[in-house]
Structures are given as structure tokens and as C-alpha cells.
Amino acid sequence: MNDSNSLVNEGVNSVNGSMDWIGVLFADGRMIFWLTGIAMVLIGLLIYYRMYRRVPAVNRNKKLRLLAELVSNAPYSQISVNQHIWAGTLTFLGSSLLVGSLIVGFMHTQPAIQSYIITSSALVLGALSLCLTLWTLHQTKKLERLAGHSIYGFDSLMDALTEELNKRRDQIYRSQEVKAEDARFIFLTSNPFFGILSFPAEKRTSDFMFALEGYAKAIKKSENIENESFLVVCSDKARLEKFNRSYFQDPDGTDKEDFEESVEESEKLLYEINRILGPASCQRYGTSMEHMQFAIFGSLVFEFVMKLGKDKHKGHSEIEYTRRIDDQYVARTYAQFAKAFINQKTP
């Protein structure tokens, strides 16, 4: 009680009798920690907010995943490792100062100068350790993204592509903030009508077709996104027929009707995309694309890892598994490859 009175007395101006509030607030040094902590937290949250604003609108739906990305590693070129470190360090360090000051306030103690020195040393060491930890976490998450994760099974791949197409279609309809690069869709494959050969009668095949057409319609209706953001690179009709033929035991006999239907349905899908977005949306070539196939959604890449057919008389390839990589630099590299492929094949 005497200590509290002395602090108040020190804050009274003896000349005019007015209260020196600054002296009262800073007399025991505790308020300095409070204000410093609040300032650090506010600056850290401001940096996090600026990082959040740079995340494409289509990727803001899953809040918990987005929070983890902002703390560790957000796969966008506009967000640097320095922003992660500064935001994390300032936010957590400021929070530590506030909690520490709160504990001291509850205890009503006035530590000796030695305790302040020890605490300050621990604080600096903790800050350095936090910087190193956040940097290590950033690099680890970055390596994890670059390595990607695998999707096994063609049916699982179709479901993943359908889900991504529908999600991004809905985002375009909901928001006008979607940028062209975030809405970019490039699909390089021999036959873009996935499932027409493997699961012709299953619902997932029609779902994939409607999702592909629906995304093309969303691009067309958007005011901020050019039609060129949607691109399918596939085989021409002759090569597509050859590709489909390899999946049937007897395409000219008992399987003739199924073979012809697979070609017809594939051509219908490509015609519909051309009708919606124009002929530039489908680039077709008389060459094999069985060994390098992928789909790009903004910064997300699905790379189809191929396996040659075991039957030497049926030289088709099959998708063994898919690597899913979420990184803007990787996506741009694949997009440049697609453009280089088009430029090389175009006379």
C-alpha cells in the first residue's frame, strides 16, 4: 500500500497540483511493457491482414487452412518469408509481453533490477528463437508444397478435379475480385473428357463434364476474366480416335458402338467449350500427349504421372497417380510449358 502511495505522490506536480498521468503510468515501468506489447500485436496483425489481402479470393474459403498458411507458408509470390517472420514475431512477442505484464499486475510485486535483467535476456533469446523457428517452419512447409502429395486412382483424380472446378466456378459467381491468374485453367491431356473411357455410365463422368462446361460458362460471364484464361490442349480428332481405340479390345467389332460413342461424346464436349468461349479455348494437335499431362487451377497443379500399358498390342498409357502441387512458381512454369508446346506445334 505504501508503494502505491509513493508512486501516486511521485506523479503529482507540486507546482500546480495537477496530476502527472505520464509519471503515474510509467513510474514502475510496467505500462511501458503494456504499450510495447499492444503496439507489437497491432503491427503484427496489420502485417497478417496485408498478407490476407494478397491471398486470392478463391482460396479464402477454408479459414483454418488459410490461418495455418499465413502463419507458416502461403504459396503466393506476393507474400515473402520476411512477412511471415515479422508478423509472427511481433504478434507472439507482443502477446508474451501483455501476458507477462498481466501476471505481474496480479501478483502486485515489484521485481528487483536483477529480475528485470534476467527477464529481458530471456525475452531477447525467445525472440531470436521464435524468428528461427518461424523461418524453419516456412522452409519446411515450402518443401512440403513443392513435393506435393499424391492422389491415387483415376476415380479419385476425377473427383478432385470436379470439386476444384465447381469451387472455382462458384467463387467467380460470388465475387468480382477474382483475378485472371487466379482463375486460370489450363488442361493438357490427350482426351479431356475424363471418364468417358473408364467410367462411361457412372455419375462421376457426367459430373466432371458438367463441371468443365460450368467453369467455361463462369469464365464467359465474368467481367474481369478474359476467355483466354480457359485453355484445353488436346489431340485432334484423328489422334483422339487412335487414343480411344486403344482402350477397346475390338473397336471394329463387338466394341464398335462403345468406341464410336466415346469419340462422339468427346467431340461434343470440345464443341460445347468452343461454343461457349470460342475456338481459341481448345487447341488441338495430331501428336501424343500421353507422357506429359496436367491441369492448372491458378496456383494449383495436378500433374498426371503416367504408366505405360502392359499389353504391347494396346499401347495406351494409364494414370498411375497424380501429384497435387500448390505453388505459384510451379504453376507458372507449367503454364509456360503449355504455351511453349502450343508455339512449337503451331506453324
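Sort through 223, 202 and tell me the only one that's without any contact (Cβ under 8 Å) to a residue 12 or more places away in the chain and assigned by TED's automatic domain parsing to the domain that holds residue 279.
Values: 223 fails: without any contact (Cβ under 8 Å) to a residue 12 or more places away in the chain.
Exactly one of 223, 202 is without any contact (Cβ under 8 Å) to a residue 12 or more places away in the chain and assigned by TED's automatic domain parsing to the domain that holds residue 279, namely 202.
Residues to consider are 202, 163, 223; find the one that is within 21 Å of the chain's Cα centre (by Cα) and farther than 26 Å from residue 342 by Cα. It would help to see each step written out before you state the result.
On the way: 202 fails: within 21 Å of the chain's Cα centre (by Cα); 223 fails: within 21 Å of the chain's Cα centre (by Cα).
Of the residues listed, the single one that is within 21 Å of the chain's Cα centre (by Cα) and farther than 26 Å from residue 342 by Cα is 163.
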Selection count, segment 39-65, where residues are within 18 Å of residue 328 (Cα to Cα) and at pLDDT 75 or above: 5
Residues satisfying the stated conditions in segment 330-347, i.e. at pLDDT below 85 and exposed (fewer than 13 other Cβ atoms within 10 Å of the Cβ): 343, 344, 346, 347
Flag for residue 229 being touching a residue at least 40 places away in the same chain (Cβ under 8 Å) and in contact with an Asp or Glu (Cβ under 7 Å, 6 or more places away or on another chain): no
Among (1) at pLDDT 70 or above; (2) assigned to a helix (DSSP H, G or I); (3) farther than 19 Å from residue 126 by Cα - the single one residue 79 does not satisfy: (2)
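Between 177, 163, which is surrounded by fewer than 16 Cβ atoms within 10 Å (Cβ to Cβ), in a loop (DSSP other than H, G, I, E, B) and assigned by TED's automatic domain parsing to the domain that holds residue 323?
On the way: 163 fails: in a loop (DSSP other than H, G, I, E, B).
Being surrounded by fewer than 16 Cβ atoms within 10 Å (Cβ to Cβ), in a loop (DSSP other than H, G, I, E, B) and assigned by TED's automatic domain parsing to the domain that holds residue 323 holds for just one of 177, 163, which is 177.
The values are calculated or read from the model by the stated rules, or taken from the named source; none is laboratory data. Keep in mind the model is a prediction, meaning the values are calculated, not measured. Note that we place each Cβ from the backbone using ideal geometry, even for glycine, and neighbour counts take in every protein chain shown.
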